[in-house]
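What follows draws every value from the coordinates through simple rules; no lab data is involved. Predicted model, so just to flag it, every value in this text is computed and none were measured. Because the Cβ atoms are built from the backbone with ideal geometry, glycine has one as well, and the counts that use them run over all protein chains shown.
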Amino acid sequence: MNTLIVSTFDCSFDDFTTAISKNPENHLNYFFRATSKNKLKDYEGALKDLSITVKLNPESSLAFFDRAGTRSLLNDYTGAIEDYTSAIEINPAFSEAYYYRGVNKEILEDPKGAMEDWEKAAVLGNEEAAKLIK
């Protein structure tokens, strides 16, 4: 990874850590710090911050979506599916959540469930899902 990019994420990480120390109830600071941690491949740290984000803002489909992606990177496919499901419950038109939930179902050898999610994602306009169901 480019040193300048890593340096930028390190800086962002520090900035969000400072912001959290000043306002620990602001869910966005945890969310953006988690994004920095994911870019730096600190998936465990990102998962912790995203869990705080979800606790502080349980109506954020994007927080559940990002936590699902992080769980998937940590090979917690069942946890990822649970979080994608939460994102979908909050935002039923979230095509990417259906798509990636299907990917995780496929990994866990649930091809029928995966296909159902990809079909729904395709109906919602997700082009990658549409390619998979052809």
Diffusion coefficient in µm²/s returned for the stretch 59-134 by Stokes-Einstein, Kirkwood Rh over C-alpha pairs, 37 °C and 0.692 mPa s, is 279 µm²/s
With point charges of +1 on the Cβ of Lys and Arg and -1 on the Cβ of Asp and Glu, referenced to the Cα centre of the chain, which listed residue (Thr35, Ala87, Gly102) lies farthest in the positive direction of the dipole? Thr35
When the chain is treated as a GNM, springs tying every alpha-carbon pair under 10 Å, which of Ile88, Ile52, Ile107 comes out with the largest mean-square fluctuation? Ile107
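How much mean residue ellipticity at 222 nm does the chain get from its helices, if each DSSP H run of length 4 or more adds -39500 (n - 2.57) and you divide by all residues, to the nearest 500 deg cm²/dmol?
Working: 8 runs with 107 residues, N = 134.
Computed ellipticity for the chain at 222 nm equals -25500 deg cm²/dmol.
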Only counting other Cβ atoms within 10 Å, I'd like Lys55, Lys37, Lys48, Lys22 sorted with the fewest neighbours first. Lys22, Lys55, Lys48, Lys37
Can you give me the distance in nm between label points at Leu62 and Glu128, each placed 7 Å from the Cα along the Cα-to-Cβ direction? 1.8 nm
Please report the orientation-averaged projected area of the chain, defined via the convex hull of its C-alpha atoms, in nm². 8.5 nm²
Projected onto the charge dipole of the chain (+1 at Lys/Arg Cβ, -1 at Asp/Glu Cβ, origin at the Cα centre), which of Met115, Ser61, Leu47 gives the Cα projection farthest towards the positive end? Leu47
Glu116 to Asn26: extension gain in nm, 0.36 nm per residue of separation minus the Cα-Cα distance? 28.8 nm
Looking at the chain, how many pairs of lysines come closer than 27 Å at the Cα, when each pair is eight or more places apart or spans two chains? 23
